[in-house]
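Below is one structure, written out as structure tokens; the observations come after it.
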Amino acid sequence: MIMGGGELPGLLVNEIGGIHGILHGHVVFLKKHFCLITMKEFLENKKHMSKKVQAIYLWWHKPVIDQELLQSLPNLKVIANSGVRMDHLDLKLVASFGVKMANAPRAVSSSTADTGMALLLASARRLVEGYHIAISSRMEYCEADFLGVEVTGATLGIIGMGRIGYKIALRAKAFEMNILYHNRTRRKEQEEQAVGAAYCEKMDGLLQQADFVMVVVSLTPQTHKLIGKRELELMKPTATLINISRGAVIDQEALVTALQSGVIRAAALDVTYPEPLPRDHALLKLKNVVITPHLGIKTHKATYMITEEAVENILAALNDLPIPSEVLPS
């Protein structure tokens with residue numbers, strides 16, 4: 001879409017390619033709507049570029065949005081995030097500059113739910129341990145007591161039944177799991193019935209009953225270290241903890257102790273703090289942990305859908321239309 005003066009609006013991105021850059025496969029699509037400006041180009045010619053930037057597309061939390069950057073962009077109207085969670089942004093600071101914000105909830109929910117179920121299954125059936133046994137040079141047979149746990153008929157406790165949590169429940173129902181959930185607000189009765197989910201007003205009750213506990217909450221001051229020593233000790237010794245939200249939602253030191261001492265059976269984590277963990281971190285040495293490098297949304301389809309959703313949000317903001325996925329400061 002061409003803005004006034006026949007010039008495409010400037011979209012600031014961290015870089016193209018690399019660890020924290022937008023994907024090469026998305027560039028052609030983005031260039032249909034925007035003049036792409038990388039942070040390197042912006043910093044090398046800030047005086048000329050600062051007025052061109054009307055939007056920022058955050059990919060994997062980059063570029064970092066701080067007061068200095070916001071002050072240097074007088075025509076900035078919107079920041080679009082490439083995911084749901086917004087804990088890396090100071091929403092009130094951004095809003096104080098009159099800048100709108102948007103996330104991409106529609107694009108990420110299915111792929112993140114798939115990741116959650118993949119971690120659940122991998123941990124239950126000890127797939128990572130089994131893989132290492134299978135490729136070992138000493139492999140002659142698999143020990144008869146190399147046993148996992150049954151998923152069918154097990155109880156899954158979902159902490160956070162938003163869009164992603166509900167999609168996990170749909171998948172768990174297909175595995176004939178019993179589903180409990182804890183959420184700030186209870187789901188409608190017909191939504192509960194559709195997945196066979198029972199509401200737990202108190203999280204403690206869910207922790208005590210579940211064979212698998214999956215954490216799917218946003219990181220806020222209220223959810224920081226939501227799962228700590230007390231919560232882990234409420235869980236069954238045969239239970240597995242799965243985290244696909246943010247690393248800091250779980251007290252990692254308490255988790256290490258719980259895994260080492262048999263307070264819980266296992267953990268499966270797509271997120272940690274920091275990311276990646278230091279190479280000597282205790283979690284990396286435990287056999288009863290599966291850790292993946294924040295794979296939640298990383299599929300070809302999901303990442304492209306995220307960029308499409310971001311473009312939709314940005315164009316709406318630039319044309320003073322309602323932003324489909326606007327995020328307001330709380």
Please identify every one of the trypsin sites (Lys or Arg not before Pro) in region 141-176 that sits in a loop by DSSP and has no more than 14 other beta carbons within 10 Å of its own beta carbon. none
List the lysines whose Cα lies under 30 Å from the Cα of residue 236, skipping any in the same chain that are fewer than 8 positions away. 167, 173, 188, 202, 225, 285, 287
Area accessible to solvent at residue 224, 1.4 Å probe radius, in Å²: 100
Full-extension gain between residue 121 and residue 149, please, as 0.36 nm times their residue separation minus the C-alpha to C-alpha distance. 9.1 nm
Once the convex hull of the alpha carbons of region 143-252 is built, what does its volume come to per residue, in cubic angstrom? 110
Exposure rank, largest accessible area first [261, 330, 72; 1.4 Å]: 330, 261, 72
Percent relative contact order for region 1-103, counting Cα pairs under 8 Å at least six residues apart, stands at 25
Mean separation of Cα pairs under 8 Å and 6+ residues apart, divided by the residue count of region 259-303: what relative contact order is that in percent? 44
For the chain, which whole percent of the accessible surface, found with a 1.4 angstrom probe, sits on carbon and sulfur atoms? 54
Considering only protein heavy atoms, what per residue accessible area in square angstrom results for the chain with a 1.4 angstrom probe? 50
Correct semi-axes for the chain, from √(5λ) of the alpha-carbon gyration tensor and rounded to whole Å with the largest first, are 40, 22, 18
Percentage, to the nearest whole number, of Cα pairs in region 1-154 over 21 Å apart: 59
The distance between the Cα centres of region 166-207 and region 209-270, in whole Å, is 18
Set of lysines with alpha-carbon distance to residue 47 below 28 Å, sequence-local pairs under 8 removed: 31, 32, 62, 77, 92, 100
Quick check: Cα centre of region 11-74 to Cα centre of region 135-162, how many Å? 43
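The values are calculated or read from the model by the stated rules, or taken from the named source; none is laboratory data. Quick caveat, the model's predicted, so the values are computed rather than measured. Ideal geometry is used to build each Cβ from the backbone, glycine not excepted, and the neighbour counts take in all protein chains shown. Ligands, DNA and RNA are stripped out before the accessible areas are found, and what is left, the full protein with its side chains, is counted by its heavy atoms. Shrake-Rupley method; radii C 1.70, N 1.55, O 1.52, S 1.80 Å.
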